Amino acid sequence: MSDPIKIRCEGKRSVACKGQQEISQEDIAKNKSKNAGKFICSECVKIKDKKYFDVKVQCNIPALITFRVFAENEEQALEMINRQTPTNIRYEVLKRVNIKATVYEAGMAIIKLIKNFR
């Protein structure tokens, strides 16, 4: 068995990876053959790649919608809000009720996961 040598890890850095590992020549040859010619320590092998996802959540959010209407009386004002655009919308996001969430890979249309909350 040959003497252990210090070699630099070429993997993604984890908290436990110190960057240099003491390892024997035989283990270096085995590791490099598995990892396309690069030495990657066992701590860095455990790290999984992260990717972006788009998550669309269907929910009920209480909102206070304000309209400004020019009307003759209260009843006419209530009838006119169906055709008007609101002047102010104030959401209460903390009181929202989630109904359904759909997870997509970022920029794609393929659904990865659907979760119903009801």
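The values are calculated or read from the model by the stated rules, or taken from the named source; none is laboratory data. Please read these numbers as outputs of a predicted model, since none were measured by experiment. In this analysis, Cβ positions are derived from the backbone assuming ideal geometry, glycine residues included, and neighbour counts consider all displayed protein chains.
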**OP:** Output the residues belonging to the stretch 99-109 that are at pLDDT below 90 and touching a strand residue (DSSP E or B) at 6+ places or on another chain (Cβ under 7 Å).
**Re:** Glu105, Ala106
Original post:
Quick one: how many residues across the stretch 67-87 are surrounded by 10 or more Cβ atoms within 10 Å (Cβ to Cβ) and of a type in the set (Ser, Thr, Tyr)?
Top reply: 1
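Picking from Val57, Val69, which residue would you name as being in a strand (DSSP E or B) and modelled with pLDDT under 90? Give the derivation first.
Numbers: Val69 fails: in a strand (DSSP E or B).
Exactly one of Val57, Val69 is in a strand (DSSP E or B) and modelled with pLDDT under 90, namely Val57.
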Subject >> Residues within the stretch 91-107 that are without any contact (Cβ under 8 Å) to a residue 40 or more places away in the chain, over 11 Å from Gln58 (Cβ atoms) and either surrounded by 10 or more Cβ atoms within 10 Å (Cβ to Cβ) or among the small types (Gly, Ala, Ser) (or both), tallied >> reply: 3
Original post:
Does Leu78 count as free of Cβ contacts under 8 Å to residues at least 12 places away in the same chain and over 24 Å from the mean Cα position of the chain (by Cα)?
Top reply: yes
**OP:** Just need a number here: residues in the stretch 74-118 that are part of a strand (DSSP E or B), of a type in the set (A, V, I, L, M, F, W, C) and closer than 24 Å to Lys51 by Cα.
**Re:** 5
